[in-house]
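Below you'll find the structure, written out as structure tokens, and then a few comments.
The values are calculated or read from the model by the stated rules, or taken from the named source; none is laboratory data. Since the model is a prediction, treat every value here as computed from it, not as a measurement. Every residue, glycine as well, gets a Cβ built from its backbone with ideal geometry; the counts of neighbours run over all protein chains shown.
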Amino acid sequence: MRTDLVVIGAGPAGVAASLAAAARGTRVALVDGATEAGGQFYRQPAAGLGAGRPQALHHRWRTWERLRDGLAASAVQVLTDHHVWCVERGSGGFVVHALLGPEQEEPAEVHARAVLLATGGYEQVLPFPGWTLPGVVTAGGAQAMLKGGLVVPGRRAVVAGTGPLLLPVATGLATAGVEIAALVESAGPARLARHGPALAGKLPEGAGYAARLLRHRVPFLARHTVVRAHGDERLTGVTVAALDSGGRVRPGTERHLPCDTLAVGHGMLPHTDLAEGLGCGLDGLAVAVDAEQRTHVPGVWAAGEATGIGGAALALAEGHIAGCSAAASLHGTAPDPAPAALKARTKLRRSAVALEAAYAPPAHWPEQVTDDTVVCRCEEVTAGAVRDALDLGAGDVRTVKLLTRAGMGWCQGRMCGGAVAGLAGCPPAPARRPFARPVPLGVLARQHPQEGQS
Ligand SMILES: Cc1cc2nc3c(=O)[nH]c(=O)nc-3n(C[C@H](O)[C@H](O)[C@H](O)COP(=O)(O)OP(=O)(O)OC[C@H]3O[C@@H](n4cnc5c(N)ncnc54)[C@H](O)[C@@H]3O)c2cc1C
């Protein structure tokens, strides 16, 4: 299929971008691996579940209705179930390579003059003893089960880690009837207060969550962390402990909380694989963009959490600005984003920087990771093996990977990259993966049949 602009990712950023570009006369294809548009924030229940009131699990539902109805009324071609593994620069534009459906074996191509990357982010989870037990899920994973599958992961849960995502997860699970044994947040209120002015705009949202947590009588343990998950066949409880001001566990403060579910997350990281494959520059761990959301590669825009973690409202503003810029570039006109979107982006980016500084995993988390704790789940590499590699002289994540295989498995280091870097005492670095998804060899062979014959 051929189009003017292909938008990859149908979350808030991608939908806002598609609507803005289509409204300005651009032919748009909106591609996503999921079965429905909505992304993480507006994840929709599977159609077969017949959800009567999906809005009960969401906030800002009216915004979603506006986006959903806008898409239905527009000429945007929505291509769901398309898992993009690579975007290539070709003559006169770009080729998006995708795999179709849940099997991800059949290839599909979309040819476009311009590309807009709105691939969002993914959760970071740092290891601790017992974190691989059945019953331990990521915080976003618990939220995805609830919003997408209308199921809860257990009856009594601890929600733990750090970051603003823990609040909707705890309130969402409590609303669905799960008893929340505790919300365990490693950041303390003093850190949030330090960034008060930049976070002022987030106060109503925070107050709303606080009221819901109070209503459900959820105990809130600030400046605490989970030091161990317990159980043989599956999770039966966790040990939590208080942290000192330097981020170390305070001895003697440990206490046991019985639970069958631990929903844990330590913040989010941007998806940059497709952007890096295209040669786009990075700003830290996120795709670098200019004021119009243009990347360093002509014809490629990026918006939403791929360009930095900042929440759905920021993703919407950035998507709109990017869509306007892409449309203007394709039509040779001047971009005309709504002034409200520009203002919102400025304000929300300031809040995002403050939130990142306020919420951080405990500084000394590697001290709690015992040698027998699995760090890389795909290749079953323990913290002890990583430490042995360091003793052998490995000074960076890449050398640890070569000596231990940590990060060489199915997820290509998405889950363990931060953990290995933390254990090695290195700053987290971009992983540079040539493909964003595993690709069957047959699909690769079909791409270049003449080479296969020679
Ligand atoms: C699991 C999870 C749950 C979350 N739940 C909440 C919540 O309940 N409340 C909240 O405030 N915030 C939540 N967040 C944070 C949320 O991601 C953002 O605030 C918001 O959704 C960001 O919007 P976005 O458009 O940038 O990206 P997203 O909403 O993440 O959308 C990105 C889209 O890109 C698609 N995509 C990515 N890579 C590819 C590819 N290679 N091929 C095809 N499609 C691709 C994804 O399927 C996704 O639909 C959650 C995050 C995660 C990871």
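The table below gives the values:
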| read-out | value |
| --- | --- |
| Criterion violated by residue 367 - all others in (1) touching a residue at least 24 places away in the same chain (Cβ under 8 Å); (2) farther than 30 Å from residue 241 by Cα; (3) within 27 Å of the chain's Cα centre (by Cα); (4) assigned to a helix (DSSP H, G or I) satisfied | (2) |
| Checklist (1) outside the structural domain of residue 316 (by TED's automatic domain parsing); (2) within 12 Å of the ligand (Cβ to nearest atom) applied to residue 60, failing item | (1) |
| Qualifying residues in the range 15-48 (those that are under 11 Å from residue 74 (Cβ atoms) and within 14 Å of the ligand (Cβ to nearest atom)) - the one surrounded by the fewest Cβ atoms within 10 Å (Cβ to Cβ) | 19 |
| Failed criterion for residue 94 (all others in (1) within 13 Å of the ligand (Cβ to nearest atom); (2) touching a Lys or Arg at 6+ places or on another chain (Cβ under 9 Å); (3) farther than 30 Å from residue 260 by Cα; (4) of a type in the set (A, V, I, L, M, F, W, C) hold) | (1) |
| Selection from the range 177-192 of residues that are surrounded by fewer than 19 Cβ atoms within 10 Å (Cβ to Cβ) and modelled with pLDDT of 80 or more | 177, 179, 188, 189, 190 |
| Residue match in the range 189-205 (condition: outside any helix (DSSP H, G or I) and over 22 Å from residue 126 (Cα atoms)) | yes |
| Residue within the range 335-342 that is touching a Phe, Trp or Tyr at 6+ places or on another chain (Cβ under 6 Å) and assigned to a helix (DSSP H, G or I) present | no |
| Strands (runs of 3 or more DSSP E) (entirely within the range 218-313) containing at least 3 residues that are more than 16 Å from the ligand (Cβ to nearest atom) | 220-222, 224-230, 237-242, 255-258 |
| Test for residue 346: is it part of a loop (DSSP other than H, G, I, E, B), surrounded by fewer than 19 Cβ atoms within 10 Å (Cβ to Cβ) and polar (S, T, N, Q) | no |
| Some residue of the range 24-43 being part of a helix (DSSP H, G or I) and touching a residue at least 40 places away in the same chain (Cβ under 8 Å) | no |
| Number of positions in the range 140-182 that are more than 9 Å from the ligand (Cβ to nearest atom) and in a loop (DSSP other than H, G, I, E, B) | 10 |
